[in-house]
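Here the structure comes first, spelled out in structure tokens, and everything after it is commentary.
Please treat every number below as a calculation from the coordinates, not as lab data. What you are looking at is a predicted structure, and each value in this text was computed from that prediction instead of being measured. Virtual Cβ from ideal backbone geometry, glycine too; neighbours counted across all protein chains shown.
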Amino acid sequence: MTAPTPRQTPPADDAYAARARRPLIRLPHPPGPRTGRTAERGALRRTRGIPMTRLLALLWDVDGTLAETERDGHRVAFNQAFESLGLPWRWDEARYGELLAVTGGRERLMADLATRADAPPTADERDALARELHALKNGFYAELVRSARLPLRAGVAELMRECRAAGVRLAITTTTSRSNVDALLRVHLGADWRAGFAAVVCGEDVQRKKPDPEVFQRALAQLGLQPLQALALEDSPGGVAAARAAEVPVVVTRSAYFAEASVDGAIAIGPGLHTRAGWHPALRGDDGRVGLDDLVGWHDAMEIVSQFG
């Protein structure tokens, strides 16, 4: 009688993929406002006989998450576009922060034009001007990025490398334009940056921008994954709402414009990947950056948190 073949242990790099065979449970619909950490453990944590699926992909937002592009990039480029057409308009940091409530650069221009007495009088004229300004802005933005004045946020590149080494796939899930994504990542990751991402979904690929979940739904379809096999990284309430509507767990790395914004429905909220301090849920030790193991831990626990403690 031959001895039974011993069970093989998957290699370390295949560990996350091996755990994907576990059955799925669904993330509940986004909860209402609250003043403390919630106790939504029934469907969010392991249930008897139904283990959670494991993390197979990180879905990266771009503006504010990969880099502080809003204040120091897009805003500056919009002002350069205004100046290039001889327009007297300028967006200061406060006004641009207000306009970030509108998703999409051209849409942001249209919202601003609607408030200006000196804007073109008809909707068609305003739309034409917004399109021209947006195209000019994208060119100025690309030049700002090429001048190396817009670095990636600390900890971003390190986490990407760690994910690739562990076999966790990466995707871009943004509703900014493809040209803006290319301008940023070409500088920091090289001309072949696209090869490092299993899916890239940009503003041109969707009919509805965040907070609509379409960008996440399209990315999941390209990846061939269920929502709980992914984790979104976002910086804004609109991005969080989009991820939650797609039933994708989300971690918030706060950015300059959304440092104090009310965020609800994330599984972790913190100041950035560069530090282990200031996170909810708290991380052990204050030295070093946030790593893949930390994300996996939050993803496994799947406990909704609030910035209020």
Quiz item: Measuring from centroid to centroid over Cα atoms, what is the spacing of segment 130-147 and segment 243-309 in Å?
Solution: 32
Quiz item: Taking H as built 1.01 Å from N, whose amide H comes closer than 5 Å to the amide H of ALA67, not counting residues under 5 places away?
Solution: ARG153
Exercise. Give the long-range amide H neighbours of ILE304: residues separated by 5 or more places, or on another chain, with amide H under 5 Å away, using H modelled in the peptide plane at 1.01 Å from N.
Key: GLU40
Practice problem: Using only the alpha carbons, work out the radius of gyration and Dmax of segment 102-146 in angstrom. | Solution: 11.5, 36
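With an 8 Å cut-off on Cα pairs and a minimum separation of 6 or more residues, tell me the relative contact order of segment 207-266 in percent.
Working: 89 pairs, mean separation 21.0, N = 60.
Across segment 207-266, relative contact order equals 35 percent.
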Quiz item: P(r) of segment 142-210 in 10 Å steps, Cα pairs, percent per bin?
Solution: 18, 50, 30, 2
Quiz prompt | Of the trypsin sites (Lys or Arg not before Pro) in segment 178-227, those whose Cβ has at most 14 other Cβ within 10 Å and which sit in DSSP loop | solution = ARG208
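To two decimal places, what compactness ratio does segment 174-309 give when its Cα radius of gyration is scaled by 2.2 N^0.38 Å?
Values: Rg = 15.1 Å, N = 136, 2.2 N^0.38 = 14.2 Å.
Against the empirical 2.2 N^0.38 Å value, I get 1.06 for segment 174-309.
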Quiz item: Under 5 Å between amide H atoms, partner at least 5 residues away or on a different chain: which partners does ALA232 have, H built in plane at 1.01 Å?
Solution: LEU59, VAL250, VAL251
Quiz prompt | Global form of segment 64-209, assessed from the alpha-carbon gyration tensor, a/c cut-off 1.5 | solution = prolate
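May I ask you to list the GluC sites (Glu not before Pro) in segment 176-278 that are in a DSSP loop and have at most 10 other Cβ atoms within 10 Å of their Cβ?
GLU260
For segment 223-294, what class follows from the C-alpha gyration tensor (a ≥ b ≥ c being the square roots of its eigenvalues): rounded when a/c is under 1.5, otherwise prolate if a/b is larger than b/c, else oblate? The partial results should precede the final answer.
Values: a/c = 2.31, a/b = 1.31, b/c = 1.76.
It comes out oblate by the Cα gyration axes.
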